[in-house]
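Every number in this text was worked out from the coordinates using simple rules, so none of it is lab data. Not measured: the values here are computed from a predicted model. As a convention, Cβ positions derive from the backbone with ideal geometry for all residues, glycine included, and neighbour counts pool all protein chains shown.
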Amino acid sequence: MERTLVILKPCTIQRGLIGEIISRFEKKGLRLVGAKMIWLTDEILKEHYAHLLDKPFFGRIKDAMEVCPVIVCCWEGVDAVQVVRTISGPTNGRIAQPGTIRGDYSMSIQENMVHASDSIETAKIELNRFFDPSEIFDYKRLCFSSLYAIDEV
């Protein structure tokens with residue numbers, strides 16, 4: 001089973017769409033194994049967006065991500081990274097297909113509702129950045145046998 005990080009961005013919190021966004025991942029069959037609300041600090045944002053530090057728009061991203069707390073989530077499932085990215089849609093909400101989170105709720109490249117890890121390797125790094133091991137839970141999901149064929153897990 002893969003695990004991946006999703007951050008519900010300040011635009012999601014401000015628009016009151018927390019439950020709607022989380023329910024998309026739940027309805028798909030992903031298992032929420034960690035979640036918490038946090039304020040992102042300058043230090044965390046510089047680490048998380050290190051690949052964008054030298055871009056002229058980094059300050060705008062940083063300011064937008066500090067408007068209010070965010071909710072960081074750890075989702076688990078078969079091919080969780082790709083499943084989450086498919087549900088989220090492309091970064092630019094204006095071109096995201098209807099039915100995706102960004103296609104339904106975003107008109108922006110920046111204010112695009114969620115951050116989703118882009119690879120298994122990145123997910124591991126990002127999950128370690130935002131969660132202590134004691135904050136990730138393993139529990140039995142009673143509907144598990146209805147989500148996957150026995151040879152898929």
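Here are some notes:
- By the count of neighbouring beta-carbon atoms within 10 Å, fewest first, 104, 54 end up ordered 54, 104.
- Calculated [θ] (222 nm, deg cm²/dmol) that DSSP helices of n ≥ 4 give over the chain, each run adding -39,500 (n - 2.57): -10000 deg cm²/dmol
- Charge-dipole axis of region 38-137 as Lys and Arg at +1 and Asp and Glu at -1 on Cβ define it, positive-most pick from 73, 116, 39: 116
- Charge dipole (debye, nearest 20) of the chain; +1 at Cβ of Lys and Arg, -1 at Cβ of Asp and Glu: 420 debye
- A simple packing score, the average count of other Cβ atoms within 10 Å per residue, orders the peptides 146-152, 116-122 as 116-122, 146-152, with the highest score first.
- A simple rule links phi to the HN-Hα coupling: the Karplus curve 6.51 cos²θ - 1.76 cosθ + 1.60 with θ = phi - 60°, which for region 11-16 gives 5, 5, 5, 5, 8, x Hz, with x for Gly and Pro.
- Normalised contact order of the chain, rounded percent, pairs of Cα under 8 Å and 6 or more residues apart: 35 percent
- Within straight-line reach of residue 36, meaning a Cα separation under 15 Å, sit the following aspartates and glutamates at least 8 residues removed in sequence or on another chain: 126, 132, 135.
- Counting only lysines at least 8 places from residue 55 when in the same chain, those with an alpha carbon closer than 23 Å to its own are 9, 46.
- Under Karplus coefficients 6.51, -1.76 and 1.60, residue-wise ³J(HN,Hα) of region 37-50 in Hz, glycine/proline x: 9, 9, 8, 7, 8, 4, 4, 5, 5, 5, 6, 5, 10, 4
- Taking Cβ atoms as reference points and 10 Å as the exclusive limit, the residues near residue 78 contribute a net charge of -4, counting Lys and Arg as +1 and Asp and Glu as -1.
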